[in-house]
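The structure appears right after this line, and notes come after that.
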């Protein structure tokens, strides 16, 4: 009688098969993980991480998690969410993420890079290196982590034992990782003028995002209370990502601009690869684009006022 392979064996076998099928993506992920590991080690061998920075990261991560949970609570009061409203809300969230990546991550990274190198070219190259690490990290996680988007269907290794709801939850969890990293990185330089506007923007865009996720889970047949719990729980990745971000960018002086670029690259990848295609899939691209511009402008305003 044939034996059924263990879940662990099935997972690693599926991942190995996926990596063999996508060697370039596997290579990018490996390089990105190595880069993140080097940055983390540089933190450990230089000097202990400032407890104040850890507190900032913890507070910022909790704000990101809390705002996601608060947004998800709206699903208890609503029976359904119109597709055009959902697309507009997600477009708004995408605009805030793009603006945050530009004004709260890349611009401070370029300024710090130029201060360290004394060269505009050197500063740009440092930021590009960070962008590449962020894109490679998110591309690899997207390719090799089993998950499912609402309209795109299942992605990553095929695991028959993982239910559709959990695959969808994993997709949102991956989405929240770069936001949490951005929060941690933004505070790692000790400059509240960078961290506060970005954390505020992420908290604001998490409100409609949390609601949209919870409503999507309800539409998939998940009971309302469980949908709210699952949607809110995905925000925990922002807290974990915040600690990772402050660890990556809090070591060597050069790690700070690289970390800012990494977080920006990860956020831009998520917006372009997942959020915008989702919002344009149902024929509501005009509303989604207007929502994006509104979010972009609001984040620019916040960065100017709070920064």
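How high is the relative contact order of region 190-279, in percent, counting Cα pairs under 8 Å that sit 6 or more residues apart? Each step should come with its number before you reach the end.
Values: 25 pairs, mean separation 11.9, N = 90.
It comes to 13 percent, rounded to a whole number.
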Candidates 213, 248, 31, ranked by Gaussian network fluctuation over the chain, Cα under 10 Å, top entry: 31
Debye log10 I(q)/I(0) at q = 0.10, 0.14, 0.16 Å⁻¹ for region 14-139, Cα point scatterers: -0.56, -1.01, -1.18
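Going by average Cβ neighbours within 10 Å, how do the peptides 276-283, 226-233, 84-91 rank, with the highest at the top?
On the way: 276-283: 16.9, 226-233: 20.5, 84-91: 22.8.
Most protected by this proxy first, the peptides run 84-91, 226-233, 276-283.
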Region 88-106-region 241-307 distance, computed between alpha-carbon centres (Å): 5
Label-point gap, in nm, between residue 252 and residue 84 - each point 7 angstrom along Cα→Cβ: 5.4
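With an 8 Å Cα cut-off and a minimum separation of 6 or more residues, compute the relative contact order for the chain in percent.
Values: 573 pairs, mean separation 115.6, N = 307.
In percent, rounded to a whole number, it is 38.
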Geometric extent, Cα atoms of the chain - Rg, Dmax (angstrom): 19.2, 70
Peptides ranked, highest mean first, by Cβ atoms within 10 Å: ranges 135-145, 289-299: 135-145, 289-299
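Where a number appears in this text, it was derived from the coordinates with a stated rule and is not lab data. The model shown is predicted, which means the values in this text are computed figures rather than measured ones. Neighbour counts run over all protein chains shown; Cβ positions are idealised from the backbone, glycine included.
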